[in-house]
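> Below: one structure in structure tokens.
The values are calculated or read from the model by the stated rules, or taken from the named source; none is laboratory data. None of these values were measured; they are calculated from a predicted model. Note: ideal-geometry Cβ built from the backbone for every residue, glycine included; neighbour counts use all protein chains shown.
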Amino acid sequence: MRFGRNLHRHRIPEWASSYLDYGGLKRRLKLAVRDAAGRPSKPDLTDFFAAVVRESNKVEAFYQHQHGLVQTKQQAF
């Protein structure tokens, strides 16, 4: 079973913009590895890691927002 192939099946449409861009990260990583092919140095993963940080921050902001909503609803009880 491939993770990326099944990921979309479990997504909640309203939250789609807040999901980690698994496909985009995978493409960036493959590009960095492909560009380094045939060179003795390691792949330059700077762009990939910057994208990981951006995606992680996006998911964290969504989580914090949802957590705040749950806390507000809980306080209403």
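> List every residue pair whose Cβ atoms lie under 9 Å apart, where the two residues are 6 or more positions apart in sequence or sit on different chains, the first residue falls within the range 6-22 and is exposed (fewer than 10 other Cβ atoms within 10 Å of the Cβ), and the second residue, located anywhere, is modelled with pLDDT of 90 or more.
Qualifying pairs under 9 Å: Ile12/Tyr19; Ser17/Lys58; Ser17/Phe62.
One line per residue, one yes/no per condition, for (1) out of contact with any helix residue (DSSP H, G or I) (no Cβ under 8 Å at 6 or more places or on another chain); (2) over 26 Å from His8 (Cα atoms):
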residue: Asp21; (1), (2): no, no
residue: Arg27; (1), (2): yes, no
residue: Asp35; (1), (2): yes, yes
residue: Lys42; (1), (2): no, yes
residue: Val52; (1), (2): no, no
residue: Asn57; (1), (2): yes, no
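> May I ask you to list the residues in the range 59-77 that are over 25 Å from Arg11 (Cβ atoms) and of a type in the set (S, T, N, Q)?
Residues satisfying the conditions are Gln74, Gln75.
> How do the helices (runs of 4 or more DSSP H) wholly within the chain filter down when requiring 3 or more residues that are in contact with a Pro (Cβ under 9 Å, 6 or more places away or on another chain): which remain?
22-36
> Mind listing whichever residues of the range 32-41 are within 26 Å of Arg2 (Cα to Cα) and either touching a residue at least 12 places away in the same chain (Cβ under 8 Å) or surrounded by fewer than 11 Cβ atoms within 10 Å (Cβ to Cβ) (or both)?
Correct list: Ala32, Arg34, Ala37.
> Can I ask one more? Can you name every residue in the range 42-58 that is exposed (fewer than 14 other Cβ atoms within 10 Å of the Cβ) and touching a residue at least 12 places away in the same chain (Cβ under 8 Å)?
Matches in the range 42-58: Asp44, Asp47, Ser56.
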